[in-house]
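Shown next, in structure tokens, is the structure this report addresses.
The values are calculated or read from the model by the stated rules, or taken from the named source; none is laboratory data. Just so you know, these numbers come straight off a predicted model, no measurement behind them. Cβ sites come from the backbone with ideal geometry, for glycine too, and all protein chains shown count toward neighbours.
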Amino acid sequence: MATRLGRARAWAIAAALISSSTSPLLRNSAASVQASSSFLAVVDHGASKPRQLRAFSSSSSFSQTSQKPKGKVTDRLSSVIDAVNDRKLPPELRGQRNNVRSETDIINVVEQRIWHSMEEGQFENLPGKGKPLDLSVNPHADPAEDTLYRILSKNGCAPEWVELNKEVRNRIAEWRAALRKAWSFKGGQDDDKWTEGSEALKLQVQDINDRVFRYNLIVPFGRQMFGLKWEKELDRLTETA
């Protein structure tokens, strides 16, 4: 029993010694852990700022370096475009990119060139000088097609638009003759005849313009014609009267 009691006392003393000896260590270790964790937090918080600054500085430097080549390329392209536009201008207007070029300046340059050409005699001995213009030939039409259509029309095999052209021109000539006749009654004792005749002629204008529209749809390019306008026809009569 004594031995058992001695052993129990020894274990109790040892446990007390261990508890008393280890508790400060644990407290110190906990304090050291807290201190180290707070220190690491402070270090991380302080180190995050330089990282952010470095990231911002690197992004800003990259944006600046990326913008510089773009600016250089646009400047080169604008200079090339200006040079090409200057090449298109007359020699008198080249090299004046910053100056405002008005329409009168360009007209003056053209007139100067015409006068110089006339003084040098470049307008002499021109083909067709002093001769009436040949209005039967359309300079915008293909000569081969023009010859072909003439041959077909002479042999009675003209296309539809050729026959329609003749019909429209004949109708326009007859309509203008009727307009001149009705115009002669205007302002006189028979003014009522002019009123009745003008109403009928206006209806005929619509019919003629419909035929002109159909003709322009089937005719080759360059042979289109204009329709009639009532106001222009009246102005023509007043000018000739």
Selection from region 131-173 of residues that are modelled with pLDDT of 80 or more and either β-branched (Val, Ile, Thr) or on the phi > 0 side of the Ramachandran plot (or both): THR147, ILE151, VAL162, VAL168, ILE172
Matching residues in region 207-241 - criterion: being among the polar types (S, T, N, Q) and surrounded by fewer than 11 Cβ atoms within 10 Å (Cβ to Cβ): THR238, THR240
Members of region 166-204 that are over 15 Å from LEU228 (Cα atoms), in a helix (DSSP H, G or I) and hydroxyl-bearing (Ser, Thr, Tyr): THR195
